[in-house]
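FYI, it's all coordinate maths here, none of it is from the lab. Given the structure is predicted, the values throughout are model-derived calculations rather than measurements. Methodologically, a virtual Cβ is constructed for each residue, glycine included, from the backbone with ideal geometry; neighbour enumeration extends over all protein chains shown.
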Amino acid sequence: MVRIADDWTSTLAKALAALNNRDLTVMVNWLSVPKPRPTRKADMIAAIETRLGGASLRRLWDELDEIQRLAVGEALHDAEGFEGKRFEAKYDAFPAGFDGIGAPGALPLRLFLHFRGGHVGSAPFIPPDLAERLRAFVPAPPEATLAGEDELPEAVDRRRRGYVPKGEEPTFDRVALVRRDMERAAQRDLVAALRLIDLGRVAVSAKTRRASAAATEAIAGELDGGDFFSPAEKPERWEQVVGPIRAHAWPWLVQAGKLAELRGSKLALTKKGHAALGAPAAETLRHLWQRWIRNDLLDEFSRVDAIKGQSRGKGKRALTAVSTRRPVVAEALEQCPLGRWVRFDEFSRFMQAASFDFGITRDPWKLYLFDSHYDSLGYDGCHGWDVLQGRYLLCVLFEYAATLGLIDVAYIHPKGARVDFTGLPGSDELAWLSRYDWLQYFRLNALGAYCLGLADTYEPGAFLERTSLTVFPDLRVCAGGALSADERLMLETFAEAEAEGVWRLARDRTLAAFESGHDGDGLRAFLAARDEQPLPERVEGFLRNVERGADALKARGTALLIECADEDTAARIAGDERLAKLCLRAGKKHLVVQTRAEAAFRKAVRDLGFGIRSA
C-alpha cells in the first residue's frame, strides 16, 4: 500500500497518491510537463496538481468528448456520484478510459475521475477540492427522460431464439399486438369478484391464502373479456403453462385490502367488502392499490416460478422485503406520461437511469433455474437488472397494476417474447423466464392517475353502462339485454334464473343475502337504477317482509351445551350466584354456556366440586 505523505494535504493529492509510479508517469507525459520531468512520486503529484489548476483545468475539460463530459457532470452533481450501469441506461453509452490509465481514451478523463484506493472497479469519484473548482463551469447533467408514444403500433419485432454467428444479424418475426384497455374492465371485475366471494364460490388455502384452482377458474369466467391468456389454449405436457394472471390476482388483492377474509375454507366479504359493493369502484380500486403497496401478503417475485430457490432456506431468507420494492415501482409509475403508450423496455431503462433502484436478493447464488449446483444466478452476468428486477417489474405491472385498471396493456404471447435469459445456465428448455414476458407496452390511464394520487378526482366516463331491467309484481326480473358479469352475479345473489334473461326474487336467497351482510336498500338501488318505473308494491312488500324476518333472530356467538348427570345437579349449578351469570338452563338436565365464558364457567364448577368430561 502506498504511504500518503503528511504534506499531501489536498484530496486530489491523496487520490493521486493511490496510483502507482507508472500511471503517474503516463499522466505527467500526457500533460506535457516541461523537461526534465519529475520522477519522484511527490514531485509528479505536485506537477499534476499544478496542471489541474487555473485556466489549464478548463482546457483539459474542453478536451473531453461529449460522453466523458457527461460522466464528469454526473459524478460532480449527483449526490450518489457516478454509477456505471445508471449512466449507461441514461445515455446508452459508456465513457472510455475506465480500464486503466494507459488504455486508449483514458486520458484526460482519468485526471478528473479517480477510484478509491486506486482500484479500477470501485466507485469513481472526484476529489472534493477538484470538484469545487469544476463547479464553476461544469453544467449539471440533464434529467433522465421517459419517452411515450401517442399511437400504439399494430405489431412488434420478436427476435428469433438461437445462436447468431459472428458478423451476422439476428432475425426477427413481426408479431401482432393484443391490446386490452383495463380502466373499464377493472371496475367491472372488482364487483364480479366481490359477488363471487359473497356467493361462497372462492375457496382459499388456510395456510397459503392462495385461491383453489376451481375458484380461480370461476373468477376467470367472470372477468370482463376473460383473462389475458385463454385457458382453452392447452400447451404440451412438457411445456410451461402461463396460467391465470388477473384471476390469480383478485383473491390476493381483496384479502390485502381487507375486503374479504377466510371463514372456514372460503373467502367471505367483510363489512368493508359489503360496503364496497355499493361504493364507487374507483374509490375501492384506489384503496386496493394503496393497500397492496404497503402489505407483505405475497411476494410477486414468487410468481416468476422458473427461478428456483425462493421458497425455502437461505434463498428465501436472502430475498429483500417487498416493502422496499413496491413503493419504488409506484413512484416510477407516477413519472409516466398520462394517456401515452410506454414500451416496457423503455420504462425499465428509465427506472435505472433515474435511480429508481431496488433489490430482489442479497445472495443471487441461492437462486437457480434448473440445478442448484450448476445453474446458479450468482455467476457474472446472470443476475442483472433484466433477469431479476425486470421480471419483478413485469409481474407488478401486468398482474396487479393492470388488474386494478391503473394501466392499459399491449402484449404478445410469452413464448419467445424475450430472449435476454437464453444464455443463462439451465435455460435451454425454457420458452420464457416469466409468464409476464409478453408485456410490450402499457399506458397510464385516468384511473391510474387517480389511484397514484396524481389526480384529486376521477370521472368514470360513459362506459359504465347498465343493462335495462323490468321488475314485475310477481317478483320476476326481466333483462332487456345481455347482463354484465357483476349484474348477473347480483341477481344470482337474490333471485333464481327461470329462463334466458328472466329471474325471480326468491325468499331463501334473499334471506341468505341479508344474513351475509346485504340489505334491502342495496337491492332496491340496483333495481331502481335499471328500471324506469318505480318498484311494484308487491315487490316492496316482499322486501319488507324478508327484512323483518332477517332481523327476527340475531346470532350472539357460539355456545357450549353441557349435559348434567341429573336435574338436581343442573338446578344447583344454575342457582349458584356466580354460575347463574355464566350459563342458562336448557331443559331439565342441560345447561348452555357461551364460548367466551367457558373458562370462567369451568373454574367456577370446579369450586363446587364438579368437572366437565368431554363427550
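Before moving on, here are some points about what is shown:
- Between residue 554 and residue 155, the contour length at 0.36 nm per residue exceeds the alpha carbon distance by 137.6 nm.
- Taking a straight line from the alpha carbon of residue 271, these lysines sit under 26 Å away, with near neighbours fewer than eight places off in the same chain left out: 207, 258, 554.
- Amide H to amide H distances under 5 Å link residue 319 with 362, where only residues 5 or more positions off or on other chains count and H is placed in the peptide plane.
- Sorted ascending by nearby beta carbons within 10 Å, beginning with the fewest, 606, 509 become 606, 509.
- Our coupling estimate for the range 58-68, obtained by passing each phi through the Karplus curve with A = 6.51, B = -1.76, C = 1.60 and θ = phi - 60°, is 5, 5, 5, 4, 5, 7, 6, 7, 4, 5, 5 Hz, Gly and Pro reported as x.
- In the set (1) 61, 27, 20; (2) 52, 25, 24; (3) 65, 33, 23, the label that goes with semi-axes √(5λ) of the Cα gyration tensor in Å computed for this structure is (3).
- Computed 3J(HN,Hα) for the range 487-500, one whole-Hz value per residue from the Karplus formula 6.51 cos²θ - 1.76 cosθ + 1.60 where θ = phi - 60°, is 5, 5, 5, 5, 5, 5, 5, 10, 9, 10, 6, 10, 7, 4, glycine and proline marked x.
- Prolate/oblate/rounded label for the range 208-317 (Cα gyration tensor, a/c 1.5): oblate
- Cα shape, the range 559-607, gyration tensor, a/c 1.5 rule: oblate
- Loop-located chymotrypsin sites (Phe, Trp or Tyr not before Pro) across the range 72-141 with a Cβ neighbour count of 16 or fewer within 10 Å are 137, with loop assigned by DSSP.
- Rounded if a/c under 1.5, otherwise prolate or oblate - the range 11-134, Cα gyration tensor axes: prolate
- For the chain, adding -39500 (n - 2.57) for each run of n ≥ 4 DSSP H residues and dividing by the number of residues yields -10500 deg cm²/dmol at 222 nm.
- Interchain or long-range residues, amide H under 5 Å from residue 204's placed H: 212, 266, 267
- Taking amide H as placed 1.01 Å from N in the peptide plane, the amide H of residue 431 sits under 5 Å from that of 240, each at least 5 places away or on another chain.
- When the GluC sites (Glu not before Pro) in the range 517-567 are filtered for DSSP coil states and for at most 10 other beta-carbon atoms within 10 Å of their beta-carbon, the remaining sites are 532.
- Considering only alpha-carbon pairs that sit under 8 angstrom and 6 or more positions apart, the relative contact order computed for the chain is 11 percent.
- Candidate lysines for bridging to residue 366, where Cα separation is under 22 Å - those fewer than 8 sequence places away on the same chain excluded: 308, 314, 316
- The loop-placed trypsin sites (Lys or Arg not before Pro) in the range 334-391, going by DSSP, that have at most 13 neighbouring Cβ atoms within 10 Å of their Cβ come out as 362.
- Local net charge near residue 246, Cβ-Cβ under 10 Å (Lys/Arg +1, Asp/Glu -1): -3
- Couplings 3J(HN,Hα) for the range 261-278, derived from phi with the Karplus relation 6.51 cos²θ - 1.76 cosθ + 1.60 (θ = phi - 60°), are 9, 6, 10, x, 10, 10, 6, 9, 5, 7, 4, 5, x, 4, 5, 5, 5, x Hz, where x marks Gly and Pro.
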